Amino acid sequence: MTSSRHVPVLLDRVVALLAPALDHDGAVMVDATLGLGGHTEAVLTRCELARVIGIDRDPAALELARTRLAPFGDRFTGVHAVYDELPDVLDELGLASVDAVLFDLGVSSMQLDVRERGFAYSEDAPLDMRMDATTGLTAADVLNTYSAQDLTRVLREYGEEKFARKIAGAIVRQRETRPFSTSAGLVELLYAEIPAPARRTGGHPAKRTFQALRMEVNDELAVLRLAIPAAIDAIAVGGRVVVESYHSLEDRLVKRAFTAATRSEVPLDLPFVPEGSEPALRLLTRGSEKADAHEIEQNPRAASVRLRAVERVHPRGNAA
């Protein structure tokens with residue numbers, strides 16, 4: 001499968017940020033969004049003292065990653081879980097802390113490539129979009145049961161769709177006679193409802209709606225809101241949290257959490273910082289880092305990436 005060898009976005013930079021925290025015996029990293037294991041493979045190859053716990057909510061991705069990472073033996077442990085369950089995963093494995101946590105947010109290449117998962121709008125497929133296909137509402141369920149008001153909220157908030165209200169109204173009208181089941185019907189509706197001038201800019205007219213439905217189905221922002229503080233709390237001194245976001249709402253949430261964890265509570269006019277009042281973490285990136293033009297040309301998904309990282313410099317007893 002070609003996607004299993006797909007090179008993750010900003011791979012070298014991500015590994016460079018993680019490596020200093022993993023350069024000692026017994027080092028442990030959590031890959032909180034394992035996917036097909038590309039980041040984990042690179043870390044296990046380049047950081048020979050480290051082992052990785054890989055978390056993924058998608059059983060199919062987890063199986064493929066386990067096969068890919070089998071040559072590393074017991075240096076890799078795969079866990080079926082959602083990444084906001086990080087504290088429970090570490091507790092079950094008997095780990096009080098780890099040395100690094102990585103998040104590569106959004107949908108994986110495998111999920112996009114497998115037609116039956118319904119993540120892609122480029123071909124007709126069942127409107128599923130669940131990252132864990134064994135549980136929860138599907139995208140079709142959302143389209144066929146949400147009120148016009150709730151659909152508008154989802155499209156506007158998660159898809160930043162300017163025509164959210166118009167699209168939501170059309171969805172409610174259409175489902176009365178023809179409930180949604182596959183992507184072709186939804187794409188057809190979006191072409192009809194989004195004005196022609198707007199369709200000519202900003203990529204495929206279905207992109208924003210499909211993104212919004214995926215984020216709603218998988219409750220992605222609520223999960224992330226819990227997961228980032230949990231990751232910050234999980235790292236030991238010298239440990240690092242690295243996050244790749246692809247949506248402004250995700251990046252804003254990460255930025256807010258990192259800013260809070262690295263902010264000093266000492267008044268600005270105080271000439272020194274009293275011992276014990278230092279921020280427990282420091283920023284490793286200035287703002288968010290982006291992919292360069294060459295990488296974007298090789299991998300269009302890289303165009304929207306925003307990379308942020310922090311390091312713990314004081315024990316958890318300090319502020320943060």
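Residues of region 31-87 that are of a type in the set (D, E, K, R), assigned to a loop (DSSP other than H, G, I, E, B) and open to solvent by 50 Å² or more (accessible area, probe 1.4 Å): Glu48 alone. The one condition from (1) within 16 Å of the chain's Cα centre (by Cα); (2) under 21 Å from Leu34 (Cα atoms); (3) at pLDDT 95 or above that Lys255 does not meet is (2). Of the residues screened, Ala212 is one that is free of Cβ contacts under 8 Å to residues at least 60 places away in the same chain and surrounded by 23 or more Cβ atoms within 10 Å (Cβ to Cβ).
Arg165 satisfies every condition listed in (1) in a helix (DSSP H, G or I); (2) modelled with pLDDT of 95 or more; (3) open to solvent by less than 70 Å² (accessible area, probe 1.4 Å); (4) more than 30 Å from Asp88 (Cβ to Cβ) except (3).
Would you confirm whether or not region 9-20 contains a residue that is more than 27 Å from Val237 (Cβ to Cβ) and aliphatic (A, V, I, L, M)? Yes, that holds for at least one residue. Just so you know, in region 278-320 the residues that are assigned to a strand (DSSP E or B) and either open to solvent by 50 Å² or more (accessible area, probe 1.4 Å) or of a type in the set (D, E, K, R) (or both) include one that is nearest to Asp233 (Cα to Cα), and it is Arg312. If you check Glu188 against the conditions, is it modelled with pLDDT under 95 and open to solvent by less than 30 Å² (accessible area, probe 1.4 Å)? In short, no. Pairing residues of region 171-183 that are within 19 Å of Ile194 (Cβ to Cβ) with residues that are open to solvent by 50 Å² or more (accessible area, probe 1.4 Å) and at pLDDT below 95, at Cβ distances under 8 Å and at least 6 apart in sequence or on separate chains, gives Ser183/Tyr121; Ser183/Glu123; Ser183/Asp124; Ser183/Pro126. Which of the residues belonging to region 134-147 are part of a loop (DSSP other than H, G, I, E, B) and either open to solvent by less than 40 Å² (accessible area, probe 1.4 Å) or in contact with a Pro (Cβ under 8 Å, 6 or more places away or on another chain) (or both)? The answer is Thr134, Thr138.
The values are calculated or read from the model by the stated rules, or taken from the named source; none is laboratory data. Note that the structure is a prediction, hence the values are computed from the model and not measured. Backbone-built Cβ (ideal geometry, glycine too); neighbour counts: all protein chains shown. Please note that ligands, DNA and RNA were not included when accessible areas were found on the heavy atoms of the full protein model with its side chains. Shrake-Rupley method; radii C 1.70, N 1.55, O 1.52, S 1.80 Å.
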